[in-house]
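Encoded as structure tokens, the structure appears first; notes follow it.
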Amino acid sequence: MPVLRCKQLSKVRLWSSFDLTYTCDQDGRVKVPLKWESENLVTLKLPIPTGILRGVRVHKRAAPVFQAWFRSWDKEACGEVKEFGGSFVPRLMRMAKNLPKTTNPTRDWNSFLSRHSRGIAMDLNHSAAGNKQGQPGVPKGHPGSLHRVIELAREVRVPVTDPNGETWEAGIVCGIDWSPKQRDAMHFEVGQW
């Protein structure tokens, strides 16, 4: 039986469900007002002990999805996670670094915002070479592997109501499921079923 996978949110649904106030200069530096951060981000605890991480900052409407995923982590999943590589980070997607200088920051950058900018994505075990973008992911049983974490992510289903009152089933998109060129085994984000 094939594995059912969560879909990445369409840009329309993403923008309406996880609003973002930001500015972007011509060099692609994204700035988010502190007021937006205080009104829209919450801090969650990962289900693993860590001495350097105080909490994971995510969008308040994405928080129930991440919490459901964290609650599902068993001993094996917790043992796989060695590093937290970030959640809310206002930035453009990696591919946006090569945009032409004619790109208009006030009109065009929205298409190139990273999901991390909206607080709906996080990276785990980012230092493991096999988890880098375009790599197949670290094999099961090897240091840096996220196989159990990915299995549990694919099972998450949480109803989310967006600001215009529409409710939909949310889950966790695993970057390992993307096309080989885009594959990002360390990346997890809120998506829809």
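Could you count how many residues in the range 14-32 are basic (Lys, Arg) and modelled with pLDDT of 85 or more?
Looking only at the range 14-32, we keep the residues that are basic (Lys, Arg), and these are 29, 31.
Within this subset, residues satisfying the condition of being modelled with pLDDT of 85 or more are 31.
Number of matching residues: 1.
Determine which member of the set LYS11, LYS35, LYS7, LYS60 is modelled with pLDDT of 80 or more and either more than 27 Å from TRP178 (Cα to Cα) or in contact with a Ser or Thr (Cβ under 8 Å, 6 or more places away or on another chain) (or both). Talk me through it step by step, then tell me what you get.
Working: LYS11 fails: modelled with pLDDT of 80 or more; LYS7 fails: either more than 27 Å from TRP178 (Cα to Cα) or in contact with a Ser or Thr (Cβ under 8 Å, 6 or more places away or on another chain) (or both); LYS60 fails: either more than 27 Å from TRP178 (Cα to Cα) or in contact with a Ser or Thr (Cβ under 8 Å, 6 or more places away or on another chain) (or both).
Every option except LYS35 fails the conditions.
Listed here are the residues, each with its yes/no results for (1) within 30 Å of CYS24 (Cβ to Cβ); (2) surrounded by 14 or more Cβ atoms within 10 Å (Cβ to Cβ).
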{"position": "ASP123", "(1), (2)": "yes, yes"}
{"position": "HIS126", "(1), (2)": "yes, yes"}
{"position": "GLY130", "(1), (2)": "no, yes"}
{"position": "PRO136", "(1), (2)": "no, no"}
{"position": "PRO139", "(1), (2)": "no, no"}
{"position": "SER145", "(1), (2)": "no, yes"}
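Taking the range 6-46 as the search range and keeping residues that are assigned to a strand (DSSP E or B) and more than 18 Å from the chain's Cα centre (by Cα), which one is surrounded by the fewest Cβ atoms within 10 Å (Cβ to Cβ)?
Start the filter on the range 6-46 by keeping residues that are assigned to a strand (DSSP E or B), which leaves 7-8, 23-24, 30-31, 41-44.
Checking which are more than 18 Å from the chain's Cα centre (by Cα) leaves us with 23-24, 31.
Details: THR23: 13, CYS24: 23, LYS31: 11.
Looking at the filtered set, the residue picked out is LYS31.
Out of (1) at pLDDT 90 or above; (2) touching a strand residue (DSSP E or B) at 6+ places or on another chain (Cβ under 8 Å), what's the single condition that is false for PRO136?
Condition (2) is where PRO136 drops out.
Any residue at all in the range 161-180 that's closer than 17 Å to CYS6 by Cα, of a type in the set (Gly, Ala, Ser) and surrounded by fewer than 18 Cβ atoms within 10 Å (Cβ to Cβ)?
yes
Condition check: touching a Phe, Trp or Tyr at 6+ places or on another chain (Cβ under 8 Å), buried (at least 21 other Cβ atoms within 10 Å of the Cβ) and under 21 Å from PRO64 (Cβ atoms). Does VAL149 satisfy that?
Numbers: touching a Phe, Trp or Tyr at 6+ places or on another chain (Cβ under 8 Å): yes; buried (at least 21 other Cβ atoms within 10 Å of the Cβ): yes; under 21 Å from PRO64 (Cβ atoms): yes.
Against the criterion (touching a Phe, Trp or Tyr at 6+ places or on another chain (Cβ under 8 Å), buried (at least 21 other Cβ atoms within 10 Å of the Cβ) and under 21 Å from PRO64 (Cβ atoms)), VAL149 qualifies.
Regarding the range 164-176, can at least one residue be identified that is among the aromatic types (Phe, Trp, Tyr) and within 22 Å of VAL42 (Cα to Cα)? Quick ask: steps written out before the conclusion?
Taking the range 164-176 first, the residues among the aromatic types (Phe, Trp, Tyr) are 168.
From what's left, within 22 Å of VAL42 (Cα to Cα): 168.
Yes, because at least one residue in the range 164-176 is among the aromatic types (Phe, Trp, Tyr) and within 22 Å of VAL42 (Cα to Cα).
The values are calculated or read from the model by the stated rules, or taken from the named source; none is laboratory data. Please read these numbers as outputs of a predicted model, since none were measured by experiment. Here the Cβ is made from the backbone with ideal geometry for all residues, glycine too, and neighbour counts use every protein chain on show.
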